Structure formats: C-alpha cells, structure tokens
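Working notes for the structure below.
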Amino acid sequence: MPFMIFKEQCEDALKDAGVRPNVFEPPKGIADLCTFSKNADSVFESVKSASKKYPLIKDVTLAGHYINFHMDEEKAFNLLDKKLSESGTVVIDFSSPNIAKPMNIGHLRSTIIGDSLRHIYSYAGWKVVADNHVGDWGTQFGKLLYAYIHWSSKEKLDEDPIGELTRIYIKFHKEAEKRPELIEEAREYFKRLENGDEKLKALWKLFVDISMKEFGKTYDLLNVKFDYALGESFYVDKAKELVEELLARGIAKTNDDGSVYIDLKPFGLTDLIILKSDGSTLYQTRELAAIKYREETFRPDRILYVVGQEQSLYFKQVFSAAKLMGFDSSKYEHVGFGLVVTKDGKLSTRKGKIILLKDVIDKAFSLAMKILEDRDIENKEDVARKVAVGAIKFNDLKQNRTKDVEFDWDRIMSFEGDSGPYVQYTNVRIKSILRKIGSNSGVFHPKSSTEKKIVKELSKFNYTVKKALNENKPNYIASYLLELCTLFNTFYHETRIIGSGNEGGYITFLNEISKKIESGLYLLGIEPLERM
Ligand code: ARG
C-alpha cells in the first residue's frame with residue numbers, strides 16, 4: 001500500500017505545482033517514480049516545495065527533462081499493513097476440460113492462471129464466482145455413445161474408467177477413417193441425446209460422473225476449488241430458447257438448410273452459426289446462453305475467460321454477438337495464453353502431441369522427492385507434493401501468459417534459479433532464522449542500501465497486485481517475489497543478524513518479508529512451507 005499512497009502523493013504534489021500529474025517508474029536505481037516535462041527545470045522548484053507537505057516524499061531531484069521522486073523508506077515501512085479495498089463481482093471461467101478426454105497441459109495452464117486470478121481478485125476485495133465451464137456436451141458424445149454401445153461394456157468401464165473412454169474414443173476416430181459413415185451415425189446419436197433419449201442420457205451421465213471424479217483428483221492435488229461447475233450441458237435447453245428469442249428479435253437469421261446464424265459482418269467477422277441444420281446446438285450457442293445466465297444470475301462487473309490464445313477469434317465473435325444481444329461486452333475479457341514449449345522445441349497443442357497432466361505432476365513429484373532425499377524433515381511426501389505443485393505453478397505464472405511457456409525441468413525444479421522452489425526455500429530460510437532469533441521484536445530502521453531496497457519492494461506489494469489484477473497477469477506477482485527473494489538473499493549474505501545487537505528490529509523486518517512472500521505465494525495458489 002505505501003507505494004500506492006506515495007504515487008498519489010507525487011501526483012498531488014504535481015497538481016499543486018500546476019504540472020500534469022503523470023508519473024511512472026523510471027529504470028531501477030534512478031528514483032522510485034518520475035515525471036517527464038519539457039520545461040522540467042522551470043517547474044522543478046515549485047514541485048519540490050509542493051512536495052514538502054507530502055510525508056512519503058523524501059526528496060525530489062531534477063535530471064534533464066525528468067523530475068524524480070524518492071520515497072521515504074522509514075515512513076513506508078510503517079504503512080505496510082494497509083489493505084486493498086476494491087469492490088465488484090467477477091466471474092472467472094477457467095479450467096473447463098472436456099469430458100471423456102484426459103486433461104491436457106492447456107487445461108492445466110487455464111487451471112493455474114484462473115486459480116491465481118481468483119485469489120488476486122478476492123484479495124483485492126472482489127466477489128469472485130469461479131466457474132468450471134466443463135465441456136460435457138457436444139458432438140463428441142455422439143461418437144462416444146456409438147463407441148461405447150458397439151465396443152465396450154460396464155465391466156470394462158469399471159476396470160479403468162478414463163482409460164476405457166479414451167480407448168474407445170480413439171478407436172472411433174480410427175474406424176471412422178475407414179468407414180466415414182460412422183460420423184453420420186454418431187451425429188444421429190448426439191441428436192437423440194439432445195432430444196432427451198433416456199437411455200443415452202443415462203450413459204452420458206455415467207461418462208460425465210467418471211470424468212468429473214478423475215478431474216476432482218487433479219484439482220485436489222493442485223489445491224484448486226470452484227464455486228460452480230455448471231458445464232455446457234447445463235445450458236442446452238437455455239441455448240435452444242435463446243435461439244428462438246434471437247430469431248424473434250431479428251438478431252439471428254435462418255439459412256436455407258435450416259441452420260441459424262448471427263450476422264457479424266458489421267464487426268468485420270464471419271457469421272456465427274448458432275443452430276445446426278439438424279436442430280442441435282453448438283459450443284457457441286451454449287456460450288451465449290451462459291453469458292445470458294451469468295448476467296442475470298451474478299450481475300458481474302467482469303467476466304474472464306481463461307482459455308488458450310487459439311480461441312481468440314472465437315471469443316471476438318462471441319463478444320460481438322453478445323453485444324448484439326444487448327449486453328455490455330466491454331466487460332468480458334478473453335484472458336488468453338500461449339502454448340507449452342519443451343526445451344527441445346517440441347510443441348504440445350491440442351492437436352499435436354498431448355502432454356498428460358498426470359505425467360507432469362508425477363514427474364515433478366519424483367524430482368522433488370529426490371531433491372529432498374537427504375533432508376531431515378517430517379512428512380517428506382507432503383512437502384514434496386507442495387514443492388512439486390508449487391514448481392509447476394510458478395513456472396507457468398512467472399511467464400507473461402500471452403507468451404508460450406517453456407518447460408525445462410532443470411529450471412522448474414531448481415532451488416537457485418527463478419523457480420517456485422527458490423521462493424519457497426527463501427521463505428523457509430527466513431523462518432528458520434526467525435526460529436533461532438527468538439520473538440522479542442522491536443522497531444526496525446532500514447539502514448543499508450539493501451535494507452532500503454527491500455523496504456521499497458515491500459511497499460510495492462499491493463501496487464503489484466493491482467497491476468496484476470488490471471491486466472489479469474499474475475506474472476507481475478511472480479516477478480515481484482523473485483525480486484524480493486533475491487534482495488533478501490543479498491541482505492542475508494552481507495548482514496550479520498544474530499549477534500548484531502539489533503535482533504529485535506530484524507525480527508520485525510524478517511517477519512514483514514516473510515509475510516509478503518507468503519501472501520504472494522498464496523496469490524499464485526502456492527502453499528508456503530515451514531521447513532524443506
Ligand atoms: N472446453 C473448452 C476446451 O477445452 C474450453 C471452454 C472454455 N470456456 C468457455 N466458456 N468457452 O476447449
């Protein structure tokens with residue numbers, strides 16, 4: 001919080017001096033904030049004297065066309081506990097895997113980023129509705145029903161539920177290459193399902209239950225929770241009614257073959273089909289119904305769709321259609337993200353080679369176990385699990401989400417690099433000093449330049465959260481943590497803490513650092529540890 005107050009004070013000082021209050025962060029080390037002005041030298045004196053009445057401004061300096069503001073670390077340190085207090089309601093649509101298919105790394109990214117955004121918005125004071133828009137409806141169920149009825153049984157399903165569903169789904173595609181008429185048959189099954197065939201519905205329900213149970217295990221492992229998992233099937237009837245409504249309102253039109261579409265030419269986009277010629281709904285129809293439902297039920301100020309970048313054109317279409325429906329689509333945002341790239345450059349797209357989520361977690365876990373091998377800690381497996389999950393999450397969240405995320409096992413698990421284990425370990429190190437040093441805390445006065453830098457970093461916590469929230473980019477928080485940890489480690493190597501005669505002050509200082517690291521980790525959905 002202090003940094004945000006400092007920023008306001010700089011802006012106010014500029015206003016008082018009659019200068020446009022436009023401040024920004026200069027390159028590191030120069031100042032804390034600065035402003036640019038063509039006639040900086042002529043307004044400098046009045047800005048400097050106006051700044052006198054603002055306590056967080058310690059000094060103002062002139063450098064060419066720039067006026068630099070320096071923050072008072074001592075005063076900033078005393079304001080660290082102030083909270084953000086925003087309000088608003090946000091629906092976050094994330095994870096959203098597809099039934100009867102294993103969760104892939106794209107869904108993992110969505111789960112991790114969405115969960116982090118959930119924590120960020122709640123921390124800032126928002127009411128969050130976390131909704132898992134599960135892909136539990138669509139033509140793939142026609143294929144699955146056909147495949148199950150022809151090639152599987154309840155017994156086989158019980159034996160290895162997900163394995164069996166995957167097997168018959170793959171088999172369907174193989175067979176359909178030889179006998180294209182299967183596609184037509186599958187379509188027929190899906191149509192019967194949409195029309196409410198009881199027997200098919202019961203099978204569908206079975207597939208959904210099996211998959212949801214499996215997904216649940218992954219969410220437990222990742223420690224991710226949802227308020228709702230309404231899923232696409234929830235919207236089927238609503239979607240059909242919506243098509244009627246849009247036709248009646250003239251927003252949708254019928255093609256010669258009976259299919260229905262929304263004309264998006266005014267937006268420079270291709271038309272959006274919302275009903276197939278056989279009368280069944282599509283992904284986008286259920287999407288539009290979900291928008292209507294969410295608007296009416298939650299009255300959100302924002303809706304975030306945490307979905308891979310490859311659907312960006314799709315979301316442009318959907319948001320444009322929503323606008324035609326009369327909704328303020330400016331509050332919807334596609335929070336897109338890039339692919340996952342491995343070190344040897346191989347991509348994993350939804351079409352290409354699928355990296356299975358479970359394999360990734362298993363591998364991280366065994367690497368973590370190996371790292372902790374000769375450490376003397378209790379509950380080693382539990383700690384290893386938290387290190388593993390933290391490593392995977394941090395690796396994802398530290399990178400700008402719009403870029404491809406690199407998957408390099410050595411870096412992900414490294415205790416020294418820019419990794420989750422590094423941040424967790426730094427915090428553990430602080431905790432262990434705190435255990436040794438006792439609990440007689442005293443007043444802290446930042447003295448060395450590293451200490452001052454740390455205080456400045458601490459003061460930027462809420463400012464950083466706010467930036468992450470505004471752009472829906474948790475990587476600001478990850479970078480913040482890395483910076484803070486690196487500064488702490490510098491401090492740790494250059495400072496004698498125990499025996500310094502200033503233990504009390506350092507207890508206060510270290511507690512503040514640890515609190516910020518833990519809050520930051522929490523916002524990334526990562527559990528801090530006491531020992532590792
Ligand atoms: N199930 C979809 C997929 O795996 C993602 C759904 C994302 N959410 C949404 N409202 N469209 O591609």
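Straight-line cross-link partners of Lys370 among the aspartates and glutamates, defined as a Cα under 14 Å from its Cα and at least 8 positions apart when in the same chain: Asp362, Glu381, Asp382, Asp410. Rounded to the nearest Hz, the phi-derived 3J(HN,Hα) couplings of region 233-247 under the Karplus curve 6.51 cos²θ - 1.76 cosθ + 1.60 (θ = phi - 60°) are 4, 4, 9, 4, 5, 4, 5, 5, 4, 4, 4, 4, 4, 5, 5, where x marks glycine and proline.
Accessible area per residue for region 177-265, computed on protein heavy atoms with a 1.4 Å probe, is 57 Å².
The average projected area of region 124-187, computed from the convex hull of its Cα atoms over all directions, is 6.6 nm². In order along region 298-303, phi translates into HN-Hα couplings of 9, 6, x, 8, 8, 10 Hz, rounded to whole numbers, per the Karplus curve 6.51 cos²θ - 1.76 cosθ + 1.60 with θ = phi - 60° and x for Gly and Pro. Between the Cα long axis of helix 475-494 and the first principal axis of the chain there is an angle of about 40°, rounded to the nearest 10.
For Arg167, the solvent-accessible surface with a 1.4 Å probe is about 100 Å², rounded to the nearest 10. Straight-line reach from Lys38: which lysines have Cα under 19 Å away, leaving out those fewer than 8 places along the same chain? List returned: Lys15, Lys48. Between the amide H of Val19 and any residue lying 5 or more places away or on another chain, no distance stays under 5 Å, with hydrogens modeled in the peptide plane. Accessible area per residue was computed with a 1.4 Å probe on protein heavy atoms; Met1 scores about 40 Å².
Report the normalised scattering of the chain as log10 I(q)/I(0) at q = 0.06 Å⁻¹, calculated by the Debye formula with identical scatterers on the alpha carbons. For the requested q values the scattering log ratios are -0.38.
With a Förster radius of 51 Å applied to the beta-carbon distance between Ile170 and Arg531, the computed FRET efficiency rounds to 0.70.
Leaving ligands and nucleic acids out of the surface, order His173, His119 by accessible area at 1.4 Å, largest first. Before the final figure, lay out each step's value.
On the way: His173 75, His119 35 Å².
Sorted by accessible area, descending: His173, His119.
The label point for Leu221 and the one for Ile377, both projected 7 Å from the Cα toward the Cβ, are 2.0 nm apart. Does region 440-532 come out rounded, prolate or oblate, given a ≥ b ≥ c as the square roots of the eigenvalues of its C-alpha gyration tensor, rounded meaning a/c under 1.5 and, failing that, prolate meaning a/b above b/c? The shape class here is prolate. For the set Lys127/Lys447; Lys225/Lys265; Lys82/Lys398, the pairs lying more than 31 angstrom apart at their alpha carbons are Lys127/Lys447; Lys225/Lys265. Translational diffusion of region 250-306, estimated by Stokes-Einstein from the Kirkwood radius over alpha carbon pairs at 20 °C in a medium of 1.002 mPa s, is 168 µm² per second. Between Lys436 and Lys83, what is the FRET efficiency for a Förster distance of 30 Å, r being their Cβ-Cβ separation, to the nearest 0.05? It comes to 0.45. Helix 503-523: angle to the longest alpha-carbon principal axis of the chain, degrees 0 to 90, nearest 10? Helix 503-523 sits at roughly 20 degrees to that axis. Our estimate of slack between Lys447 and Lys127, defined as 0.36 nm per intervening residue step minus the Cα-Cα distance, is 111.1 nm.
Local charge for Val128 was computed over the other residues whose Cβ lies under 12 Å away, with Lys and Arg +1 and Asp and Glu -1, and equals -2. Phi angles of region 414-421 translate, via the Karplus equation with coefficients 6.51, -1.76, 1.60 and θ = phi - 60°, into HN-Hα couplings of 5, 7, 9, x, 8, 10, x, x Hz per residue; Gly and Pro are given as x.
The values are calculated or read from the model by the stated rules, or taken from the named source; none is laboratory data. None of the values given here were measured: they were computed from a predicted structure. Heads up, the Cβs are rebuilt from the backbone with ideal geometry, glycines too, and the neighbour counts pull from every protein chain shown. The area values use the complete protein model at the heavy-atom level, side chains included, leaving out ligands, DNA and RNA. Shrake-Rupley method; radii C 1.70, N 1.55, O 1.52, S 1.80 Å.
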